[in-house]
Amino acid sequence: MSEPDIDTLTEDEAKAELARLARVIAHHDRLYNQEDAPEITDAEYDALRARNAAIEARFPALRRADSPSLRVGAPAAQGFAKRAHGAPMLSLANAFSAEEFSRFFDTARRFLGRDAPFSLVAEPKIDGLSLSLTYEAGALVAATTRGDGAVGEDVTDNARVIDAVPQSLRPPFPARIEIRGEIFMAKADFLALNDAETAAGRRGFANPRNAAAGSLRQLDPRVTAGRRLGLFAYALGDVSQPVADSHWQYLQRLRDWGFSVNPYSERLTDEAEAAAFQAGIAERRGGLAYDIDGVVYKIDDLALQRRLGFAGREPRWAIAWKFPAEQAMTVLRQIDVQVGRTGALTPVAILAPVNVGGVLVTRATLHNEDEIARLDLREGDTVRIERAGDVIPRVLGMIPDLRPPGTAPFHLPDHCPACGSAAMRPPNEVVRRCTGGLICPAQRQERLVHFVSRGAFDIDGLGERSLAELQACGLIKSPADIFRLHAHEADIAAREGWGTVSARNLVHGIEARRTLPLARFIYALGIRRVGANTAKLLARHYRTIDAWRAAMREATIIGSDARLALGNILGIGPAIATELADFFIEPRNIALLDDLLREVRVSPDDFVASASRLAGKTLVFTGTLTHMTRPEAKARAEALGARVTESVTGKTDFVVVGADAGSKARRAAELGVAILSEEAWLDLARNEA
Ligand code: IVH
């Protein structure tokens with residue numbers, strides 16, 4: 001599309017053009033910062049910003065409050081306040097086959113120690129975005145996106161203009177309730193919206209889900225009001241009093257309150273009915289007015305749901321059985337090499353753009369060089385790719401008959417493309433890594449990006465681009481430098497594209513994160529294999545930064561008590577223990593950590609329900625329990641913030657004694673540790689829940 005020359009723009013045209021650019025740039029910021037799926041090249045993006053800046057230079061009075069020049073690569077959603085959910089918003093485990101589906105419910109049965117099949121509720125899995133609606137005394141008081149599951153964005157003003165969202169509940173209703181459902185855009189409305197967007201010279205959305213998300217997360221509710229959005233309600237968050245005994249009954253209550261519940265939802269008396277239901281919905285899929293990507297199966301009995309609880313971020317009582325992934329063919333134009341934060345060289349397929357199930361795909365992961373060799377992939381090949389839900393597309397294989405002449409096998413370079421250091425592949429490992437460590441700008445950049453990312457320090461206004469820029473000019477060399485940027489506010493303001501407002505916003509964004517919980521802090525360090533869940537386990541176990549740091553130092557000694565204890569934490573294991581030890585053995589890492597701790601304050605973990613009397617307590621279960629299985633008892637205790645260990649020591653707070661308990665009960669008595677009967681434990685767990 002040819003764009004009008006800036007010098008000849010009238011004031012009205014300039015105004016319209018600035019509005020368009022603000023929207024388009026915000027869109028690309030979101031793809032880049034939040035979805036990690038840029039649709040345009042960096043050069044094209046820079047050209048958009050340059051055009052915006054040039055028009056503003058000619059018409060300074062027209063600069064918009066939401067002008068991209070006032071932001072540094074900030075996500076479009078930056079203007080929303082954050083709100084904590086009353087009960088966390090979780091995701092779902094996936095199954096892709098009947099076997100995975102049955103295995104899931106077998107595990108649930110084992111957990112509960114039961115034999116009978118479950119009654120289930122089956123609901124189409126709507127491909128939209130989840131929204132939590134809070135009602136007090138029957139009136140809508142808040143609407144919050146899922147966010148990271150604990151804290152989402154406050155989109156209440158927008159929810160007030162969506163017809164499908166009841167503004168009040170029909171009585172009777174509980175005093176306070178969080179109702180969850182999926183916001184979506186019907187396929188026909190998506191096509192009409194995109195037609196209108198392209199007619200207006202805008203790019204449009206890649207698929208109905210992005211369109212729904214973009215419409216809900218609008219800073220201006222008038223834009224939301226102009227979009228047709230639907231809502232199917234399907235889940236319960238925090239509630240002031242019980243509202244149903246079964247999920248099926250809950251769906252009926254939702255309808256009574258005024259919500260739409262998906263009409264294809266069904267109650268299945270037995271898991272064995274699921275396969276037929278799955279096939280029936282798959283057949284209907286194309287004819288539905290909205291996109292679905294599978295079926296969610298939920299154990300109907302809410303008392304069982306409560307007992308099963310959650311494993312990490314996923315309920316043990318519901319699973320999404322997804323439809324098979326969509327496939328397409330395209331040309332592998334090039335194989336790029338990226339350097340990750342741990343130095344891993346990752347090949348990336350650059351593809352001729354192709355539409356896969358409604359999403360434009362231009363890149364795919366190739367995992368590692370063995371995978372490329374196994375598939376015999378070469379630049380120029382025609383390849384088959386597959387996209388499963390939200391997962392980055394992967395290359396399944398190439399079509400030998402379509403290979404053009406003159407291709408060559410691909411090899412990863414033996415030097416890092418970013419810093420030139422040797423890139424080594426240790427024997428028995430599949431990954432080749434740059435040995436440049438912190439001298440490698442790509443590794444440094446990726447570590448910093450990780451450090452400020454959502455699950456870590458989550459610093460508003462510090463995106464990939466600004467980090468790269470502030471590194472290049474020497475203001476940031478290590479994570480701790482971020483917290484010293486305030487001393488350079490004036491220098492930053494003077495930089496091109498910044499200005500005093502952006503610089504001040506950045507400094508404020510950083511100050512707001514000077515204190516953070518231990519789990520986030522550990523995750524932010526970017527230690528290999530220590531993801532968000534592992535960081536939470538560590539934070540729960542060690543509780544304070546000092547305790548953790550001291551234990552990790554000691555754990556560098558193989559065979560030390562600290563090393564054994566670390567490897568014994570449920571969910572950690574020896575491989576992660578080794579990574580942690582490797583990190584703490586490196587003096588540069590210790591220096592980096594200590595430097596950082598001079599700048600930030602790490603609060604004890606906030607994940608645990610600290611109101612619980614079991615929080616922070618150490619428990620041992622012994623003997624045969626009659627009311628719950630051992631895994632259920634352990635999960636319940638852990639959910640209440642307790643730590644469950646195998647052996648009774650002076651540090652044990654309670655020993656729960658079932659039938660036929662032996663030496664552990666005796667040892668507890670010797671040490672004077674409190675002993676609970678199974679009934680006393682059940683009472684305690686019930687009252688704390
Ligand atoms: S239940 C703890 N039911 O799928 C239970 N989710 O992959 C949480 N989704 O975040 C969700 N249709 O956005 C549930 N009928 C349905 C759903 C559904 C779509 C989405 C939802 C959730 C995601 C998990």
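The values are calculated or read from the model by the stated rules, or taken from the named source; none is laboratory data. Note that the structure is predicted; figures quoted are calculated from it, not measured. With ideal geometry, Cβ positions are generated from the backbone for all residues, glycine too; neighbour counts draw on all protein chains shown. Protein only, heavy atoms only, side chains kept; ligands, DNA and RNA dropped before computing areas. Shrake-Rupley method; radii C 1.70, N 1.55, O 1.52, S 1.80 Å.
Once amide H atoms are placed 1.01 Å from N in the peptide plane, what residues at a sequence separation of 5 or more from GLN338, or on another chain, have their amide H within under 5 Å of its amide H?
Counting only residues 5 or more places away or on other chains, the set is THR346, VAL348.
Please report Rg (one decimal) and Dmax (integer) in Å for the Cα set of the stretch 86-144.
Computed over the Cα atoms of the stretch 86-144, radius of gyration and Dmax are 16.5, 45 Å.
Among the DSSP beta bridges whose two residues both lie in the chain, what percent are antiparallel, rounded to the nearest 5?
On the way: 72 of 89 bridges.
DSSP beta bridges in the chain are roughly 80 percent antiparallel.
Let me know the charge dipole size of the chain about its Cα centre in debye, to the nearest 20, where only the beta-carbon of Lys, Arg (+1) and Asp, Glu (-1) is charged.
On the way: 86 positive and 91 negative charges, 270 e Å.
That gives the chain a dipole magnitude of about 1300 debye.
Starting at 0 and stepping by 5 Å, how many percent of the alpha carbon pairs of the stretch 226-369 end up in each bin?
Percent of pairs per bin, in order: 2, 7, 12, 14, 14, 13, 11, 10, 9, 7, 3, 0.
If you wrap the stretch 575-688's Cα atoms in a convex hull and average its projection over all directions, what's the area in nm²?
Numbers: hull surface 38.1 nm².
Spelled out: convex hull of the Cα atoms, projected over all directions, averaged, 9.5 nm².
Take every Cα-Cα distance within the stretch 405-555, group them into 10 Å bins from 0 onward, and report for each bin the whole-number percent of pairs it holds.
Pair shares across the bins are 10, 30, 30, 21, 7, 2, 0.
Can you give the extra length, in nm with one decimal, that the chain gains between GLU496 and ILE399 once fully stretched, where that is 0.36 nm per residue apart less the Cα-Cα distance? Write down the numbers at each step before the final one.
Details: separation 97, 0.36 × 97 = 34.92 nm, distance 4.86 nm.
Additional length available on full extension: 30.1 nm.
Report P(r) for the stretch 145-208: all Cα-Cα distances, bin width 5 Å, range 0 to the bin holding the largest distance, values in whole percent.
Cα pair-distance distribution for the stretch 145-208, in percent: 3, 12, 16, 17, 20, 14, 8, 5, 3, 1.
May I ask you to evaluate 6.51 cos²θ - 1.76 cosθ + 1.60, the Karplus curve with θ = phi - 60°, for each residue of the stretch 288-295 and list the ³J(HN,Hα) values in order in whole Hz, giving x for glycine and proline?
Going residue by residue, I get 6, 6, 9, 7, 10, 10, x, 10 Hz, with x marking Gly and Pro.
Can you compute 3J(HN,Hα) from phi for each residue in the stretch 83-94, using the Karplus curve 6.51 cos²θ - 1.76 cosθ + 1.60 with θ = phi - 60°, rounded to whole Hz and x for Gly and Pro?
9, 7, 6, x, 10, x, 9, 9, 9, 10, 5, 10
I need the calculated FRET efficiency for the pair ALA87 and ARG529, taking r as the beta carbon distance and R₀ as 25 Å, to the nearest 0.05.
Values: r = 29 Å, r/R0 = 1.18.
Efficiency for this residue pair is about 0.25.
Which order do the peptides 295-301, 271-277, 245-251 come out in when sorted by mean C-beta neighbours inside 10 angstrom, highest first? Don't skip to the answer; put the middle values down first.
Numbers: 295-301: 23.6, 271-277: 15.3, 245-251: 19.4.
Per-residue mean Cβ counts within 10 Å order the peptides as 295-301, 245-251, 271-277.
Enumerate cysteines in the chain without a disulfide-compatible partner, where compatibility requires another Cys Cβ under 4.7 angstrom.
CYS473
Pull up all non-local amide H partners of GLU379: gap of 5 or more, or a different chain, and H-to-H distance under 5 Å with H placed in the peptide plane.
ALA408
For the chain, with all protein chains present and a 1.4 Å probe, just round the carbon and sulfur fraction of the accessible area to a whole percent.
52 percent
Applying the Karplus parametrisation 6.51 cos²θ - 1.76 cosθ + 1.60 with θ = phi - 60° to the phi angles of the stretch 177-189, what ³J(HN,Hα) value in whole Hz is obtained for each residue in order, glycine and proline being reported as x?
3J(HN,Hα) across the stretch 177-189, in whole Hz: 8, 9, 10, 10, x, 10, 8, 8, 10, 5, 4, 5, 5.
Compute the semi-axes of the equivalent ellipsoid of the chain, taking the square root of 5 times each eigenvalue of the Cα gyration tensor, and list them largest first in whole Å.
On the way: eigenvalues 351, 236, 157 Å².
With the √(5λ) rule applied to the chain, the semi-axes are 42, 34, 28 Å.
Per residue, how much accessible area does the chain show when a 1.4 Å probe rolls over the protein heavy atoms, in square angstrom? Intermediate results must be reported in sequence, preceding the final value.
Numbers: 32030 Å² over 689 residues.
On a per-residue basis, the chain sits at 46 Å².
Can you give me the orientation-averaged projected area of the convex hull built on the Cα atoms of the stretch 150-251, in nm²?
Details: hull surface 31.6 nm².
Convex hull of Cα atoms, orientation-averaged projection: 7.9 nm².
Mind putting a number on the dipole of the stretch 248-314 about its Cα centre? Charges go on the C-beta only, +1 for Lys and Arg and -1 for Asp and Glu, and I need it in Debye to the nearest 20. Mind showing how you got there, number by number?
Details: 9 positive and 11 negative charges, 59 e Å.
With only Lys, Arg, Asp and Glu charged at Cβ, the dipole is about 280 debye.
Counting only helical runs of four or more DSSP H residues, what would the 222 nm mean residue ellipticity of the chain come to if each run contributes -39,500 (n - 2.57) and the total is spread over all its residues? Walk me through the numbers before you get to the answer.
Numbers: 25 runs with 257 residues, N = 689.
After summing the helix terms and dividing by the residues of the chain, the value is -11000 deg cm²/dmol.
Can you give the three extents of the C-alpha atoms in the stretch 279-334 along their principal axes, from longest to shortest, in whole Å?
Between the extreme Cα coordinates on each principal axis of the stretch 279-334 lie 52, 33, 17 Å.
Hey, what does the equivalent ellipsoid look like for the stretch 427-478, semi-axes from the Cα gyration tensor as sqrt of 5 times each eigenvalue, largest first, whole Å? All intermediate terms of the calculation are to be shown ahead of the outcome.
On the way: eigenvalues 113, 44, 11 Å².
They are 24, 15, 7 Å, listed from largest to smallest.
Please name whichever of ASN505, ILE439, VAL648 sits farthest to the positive end of the charge dipole of the chain, dipole taken about the Cα centre and charges placed at Cβ: Lys and Arg +1, Asp and Glu -1.
VAL648
If I take every Cα pair under 8 Å that is 6 or more residues apart in the chain, average their sequence separation and divide by the length, what percent do I get for the relative contact order?
Details: 1203 pairs, mean separation 67.6, N = 689.
This gives 10 percent for the chain.
Over the Cα atoms of the stretch 203-275, what radius of gyration and what Dmax do you get, in Å?
Computed over the Cα atoms of the stretch 203-275, radius of gyration and Dmax are 16.8, 48 Å.
Would you grab the residues whose amide H sits under 5 Å from the one on ALA93? Only those 5+ places off in sequence or on another chain, please, with H modelled 1.01 Å from N.
Counting only residues 5 or more places away or on other chains, the set is ALA320.
After finding the eigenvalues of the alpha carbon gyration tensor for the stretch 470-579, what semi-axes result from the square roots of 5 times each, listed largest first in whole Å? Kindly include the intermediate steps, with their values, before the conclusion.
Values: eigenvalues 276, 35, 25 Å².
Computed over the stretch 470-579, the values are 37, 13, 11 Å.
May I have the extent of the alpha carbons of the stretch 248-292 along their three principal axes, as whole Å values ordered from largest to smallest?
Projected onto its principal axes, the Cα set of the stretch 248-292 covers 31, 29, 10 Å.
Among VAL121, MET398, THR556, whose Cα sits farthest toward the positive end of the charge dipole of the chain (+1 at Cβ of Lys/Arg, -1 at Cβ of Asp/Glu, about the Cα centre)?
THR556
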